[in-house]
Amino acid sequence: MDGNGRWATARNLPRTAGHKKGADSLRTIMNACRDLGVTHLTVYAFSSENWRRSDAEISDLMQLLQHYLQQELQTLHENKIRLRFIGDTEMLSPEIQKQLAEAEQLTTRNNAFHFTIALSYGARQEITRAVQKLIAQGTAAADITEETISAALDTAGLPEPDLLIRTGGEERLSNFLLWQSAYTELYFTKTLWPDFGKKEFVAALENFAGRERRYGTAE
Ligand code: FPP
């Protein structure tokens, strides 16, 4: 969800105004997913690297997250949406950690839609934690396989993404779902996240529908 800061700066607004508008875009895309039959959505809301932003911006983002969860949780639950959080969430305040755990707990049996929010997330860190977990469990070297690593990742149980969309014009993954996106189709758009609406989402899905996916095979 890249481009919130630039969206705000272009309007002489504080960066937080861009993040707020970004939260509105997220609501729009969630609804669009439901209309279009998309069943899984994972968003990169806060990266491991984002901890280097100013204290004020971090605090604003955390407040926005808390506010979003307070406002949306019941509706998400009523719509049978399962919420998950991936990333090094232990870095977050105890209050937010409690809120995340409660949201996951409340929605754990929901199955209509899988909404995952990456917070304090970095893919290299996730892979490192997964391997450390396997070793700590006493896993033999021969049992450290693609399957056991996948199952030890934060995304265990989720399917690998079909399509990864990055808004805001940069054409790189920036440490997002590196393991899981080995065969994911990538879609980059210059549109800033606050301007990314249903029309832009449909364009990305149509582009994806025209791709030929070979998963490394010759046919
Ligand atoms: C990247 O844009 C965006 C973020 C670091 C935050 C994303 C957060 C939201 C969309 C808020 C809503 C999310 C939840 C889960 C409530 P940037 O700030 O790097 O923009 P720039 O590249 O233009 O500076």
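Among the conditions (1) in a loop (DSSP other than H, G, I, E, B); (2) more than 16 Å from the ligand (Cβ to nearest atom); (3) free of Cβ contacts under 8 Å to residues at least 60 places away in the same chain; (4) under 17 Å from the mean Cα position of the chain (by Cα), the only one that PRO161 does not satisfy is (3).
Would segment 191-208 turn up any residue that is within 21 Å of SER48 (Cβ to Cβ) and either of a type outside the set (Asp, Glu) or within 16 Å of the ligand (Cβ to nearest atom) (or both)? Quick ask: steps written out before the conclusion?
Start the filter on segment 191-208 by keeping residues that are within 21 Å of SER48 (Cβ to Cβ), which leaves 193.
Still in the running and either of a type outside the set (Asp, Glu) or within 16 Å of the ligand (Cβ to nearest atom) (or both): 193.
So far as segment 191-208 goes, yes, one or more of its residues are within 21 Å of SER48 (Cβ to Cβ) and either of a type outside the set (Asp, Glu) or within 16 Å of the ligand (Cβ to nearest atom) (or both).
One residue alone among LEU76, LEU106 is within 16 Å of the ligand (Cβ to nearest atom) and either over 24 Å from ALA32 (Cβ atoms) or not basic (Lys, Arg) (or both), and that residue is LEU76.
For segment 137-156, the set of residues classified as more than 17 Å from LEU178 (Cβ to Cβ), of a type outside the set (Ser, Thr, Tyr) and surrounded by 10 or more Cβ atoms within 10 Å (Cβ to Cβ) consists of GLN137, ASP143, ILE144, listed by residue number. Is it true that some residue in segment 10-19 is surrounded by 16 or more Cβ atoms within 10 Å (Cβ to Cβ), closer than 19 Å to LEU158 by Cβ and either of a type in the set (Lys, Arg) or free of Cβ contacts under 8 Å to residues at least 40 places away in the same chain (or both)? No: zero hits.
Looking only at segment 42-72, residues that are near the ligand (Cβ under 8 Å from one of its atoms), part of a helix (DSSP H, G or I) and within 16 Å of THR116 (Cα to Cα) come to 3 in all.
Residue-level check: of (1) basic (Lys, Arg); (2) modelled with pLDDT under 95; (3) within 14 Å of the ligand (Cβ to nearest atom), ARG84 misses just (2).
Considering only residues that are among the β-branched types (Val, Ile, Thr) and more than 12 Å from the ligand (Cβ to nearest atom), which ones fall in segment 1-41?
VAL38, THR39
Quick check on my filter: what residues within segment 88-135 are β-branched (Val, Ile, Thr) and either assigned to a loop (DSSP other than H, G, I, E, B) or within 19 Å of the chain's Cα centre (by Cα) (or both)?
So in segment 88-135, the residues β-branched (Val, Ile, Thr) come out as 89, 96, 107-108, 116-117, 127-128, 131, 135.
The answer is THR89, ILE96, THR107, THR108, THR116, ILE117, ILE127, THR128.
For segment 85-136, a residue qualifies if it is among the acidic types (Asp, Glu) and surrounded by 16 or more Cβ atoms within 10 Å (Cβ to Cβ), and the qualifying residues are ASP88, GLU126.
The values are calculated or read from the model by the stated rules, or taken from the named source; none is laboratory data. Note that the structure is a prediction, hence the values are computed from the model and not measured. Cβ atoms come from the backbone with ideal geometry, glycine included; neighbour counts cover every protein chain shown.
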